[in-house]
1. Based on what the data block shows, is Asp85 out of contact with any Ser or Thr (no Cβ under 7 Å at 6 or more places or on another chain), open to solvent by 40 Å² or more (accessible area, probe 1.4 Å), in contact (Cβ under 8 Å) with a residue 12 or more places away in the chain and closer than 15 Å to Cys37 by Cα?
2. Would you pick out the residues in segment 238-255 that are open to solvent by less than 40 Å² (accessible area, probe 1.4 Å) and within 21 Å of Ser198 (Cβ to Cβ)?
3. For Leu258, all conditions in the list (1) hydrophobic (A, V, I, L, M, F, W, C); (2) touching a Ser or Thr at 6+ places or on another chain (Cβ under 9 Å); (3) open to solvent by 20 Å² or more (accessible area, probe 1.4 Å); (4) in a helix (DSSP H, G or I) hold save one; what is the number of the exception?
4. Let me confirm something: among Gly178, Gly216, which residue is under 21 Å from the mean Cα position of the chain (by Cα), among the small types (Gly, Ala, Ser) and open to solvent by 10 Å² or more (accessible area, probe 1.4 Å)?
5. Among the residues of segment 46-69, what is the count of those that are surrounded by fewer than 16 Cβ atoms within 10 Å (Cβ to Cβ) and under 29 Å from Lys167 (Cα atoms)?
6. Out of the residues in segment 1-32 that are of a type outside the set (A, V, I, L, M, F, W, C) and part of a strand (DSSP E or B), state the one that is surrounded by the most Cβ atoms within 10 Å (Cβ to Cβ).
7. Scan segment 33-45 and give yes if some residue there is open to solvent by less than 10 Å² (accessible area, probe 1.4 Å), of a type outside the set (Lys, Arg) and either closer than 30 Å to Tyr188 by Cα or modelled with pLDDT under 95 (or both), otherwise no.
8. What's the total number of residues in segment 269-323 that are more than 13 Å from Ala191 (Cβ to Cβ), touching a residue at least 12 places away in the same chain (Cβ under 8 Å) and not hydrophobic (A, V, I, L, M, F, W, C)?
Amino acid sequence: MENVAVLIVGAGPAGLATAVCLTHLSIPYVIVEREDCSASLWRNRAYGRLKLHLAKEFCELPHMSYPADAPTDIPKALFVKYLDDYTACFNIQPKYLTCVESSTYDNDKKCWSIVARDMAEGTTINIIAKFLVLASGENSAENIPVIPGLDNFPGEAIHSSRYKSGKSFSGKSMLVIGSGNSGMEIAYDLATHGANTSIIIRSPIHVMTKELIWLGMTLAHHLPLNLVDNLLVMATKFIFGDLSRHGITMPKMGPMILKSKTGRSAVIDVGTVGLIKKGIIQVQGSISKIMGNIVKFQSGDEISFDAVVFATGYKSTTNMWLKNDESMLNDNGLPRKEYPNHWKGENRLYCAGLARRGLAGISTDAKNIANDIKSVIGSMLG
């Protein structure tokens with residue numbers, strides 16, 4: 001039996017940031033991680049050309065800046081190095097290959113009883129914690145939609161987490177399902193490597209440049225969001241023109257308000273829109289079914305594909321082991337409370353990095369959680 005003050009589940013950016021904020025306040029903690037490394041999503045499940053979607057000033061974790069010579073747009077390898085430096089600088093020592101199997105709050109003892117498995121040894125670990133922080137992320141498990149006939153598709157069907165480069169797909173007919181940042185960037189990568197590329201865009205999306213995103217986030221500190229949105233939408237139409245004739249429609253809600261209310265981000269164009277306009281990347285609508293290697297769309301079109309990439313995101317797996325406090329998270333494993341009150345539950349339960357607010361949101365969560373734990377400990381001692 002191991003007794004700890006704070007147990008942090010997950011050693012991605014959210015768990016590491018929370019650990020550092022607790023260290024800053026001299027609060028002891030233990031951090032467990034089911035993978036064999038920290039930030040496994042960034043290290044092992046991100047495609048090669050990935051860069052952080054926001055400028056570096058919006059992507060710092062608490063108490064450590066990027067090196068002065070770091071570029072504005074941080075590439076994947078540099079971000080992983082930043083996280084490694086962060087871990088070393090603050091002496092964070094996650095217990096790797098430790099998978100939480102259940103956690104139950106004991107009302108009498110006022111503590112969390114956690115059962116975990118040491119995956120290397122195959123042994124069970126029992127942990128008692130006064131505070132429990134969920135930091136295993138909204139990106140724990142691949143989300144692949146159910147499509148009739150997918151099981152019998154003879155080609156390769158992979159999730160974006162296993163996509164590395166378009167080099168191996170040159171000359172092939174490719175379908176990308178999902179039109180968020182990953183889907184649009186993978187479509188661009190495939191097309192520029194010579195693949196015959198189609199992308200499914202079903203929902204309205206805001207497409208913007210990195211410069212517009214930076215402008216919007218800067219102006220949001222000084223102007224009402226609806227005014228910022230009006231400026232951004234005007235600028236977007238000026239830069240890209242009318243994209244509706246290319247199969248890309250714009251949401252009724254502006255990009256900043258949409259992000260604030262739903263967590264849905266604008267898509268940052270890396271050149272995909274230009275290739276869509278030229279007809280190099282084809283835009284398709286919803287799929288009705290797959291017949292062998294033929295994909296039938298609801299429009300009636302039937303197209304043959306060699307491979308499919310699912311850029312359909314991830315889902316949280318926290319609900320699989322979190323017992324008797326379902327009130328904090330919904331069925332998707334995301335907070336029921338709206339931002340900015342999402343991070344605190346009942347019974348000294350917290351979540352970091354589940355508000356779909358990126359690295360800036362992670363930093364805010366980590367600081368709030370550490371300060372609240374300090375306050376609760378102070379009242380217990382007082």
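The values are calculated or read from the model by the stated rules, or taken from the named source; none is laboratory data. Since the structure is predicted, the reported quantities are computational estimates derived from the model, not experimental observations. Please note: Cβ atoms are built from the backbone with ideal geometry, for glycine as well, and neighbour counts cover all protein chains shown. Heavy atoms of the whole protein, side chains included, go into the accessibility calculation; ligands, DNA and RNA do not. Shrake-Rupley method; radii C 1.70, N 1.55, O 1.52, S 1.80 Å.
1. yes
2. If the condition is that a residue be open to solvent by less than 40 Å² (accessible area, probe 1.4 Å) and within 21 Å of Ser198 (Cβ to Cβ), then Phe240, Leu243, Gly247, Ile248 are the ones that fit.
3. Result: Leu258 passes all but (3).
4. Being under 21 Å from the mean Cα position of the chain (by Cα), among the small types (Gly, Ala, Ser) and open to solvent by 10 Å² or more (accessible area, probe 1.4 Å) holds for just one of Gly178, Gly216, which is Gly178.
5. As a first pass, look at segment 46-69 and keep what is surrounded by fewer than 16 Cβ atoms within 10 Å (Cβ to Cβ): 48, 57, 64-65, 67-69.
Subsequent filtering for residues that are under 29 Å from Lys167 (Cα atoms) retains 48.
Adding up the residues that qualify gives 1.
6. Tyr29
7. yes
8. Number satisfying all stated conditions: 22.
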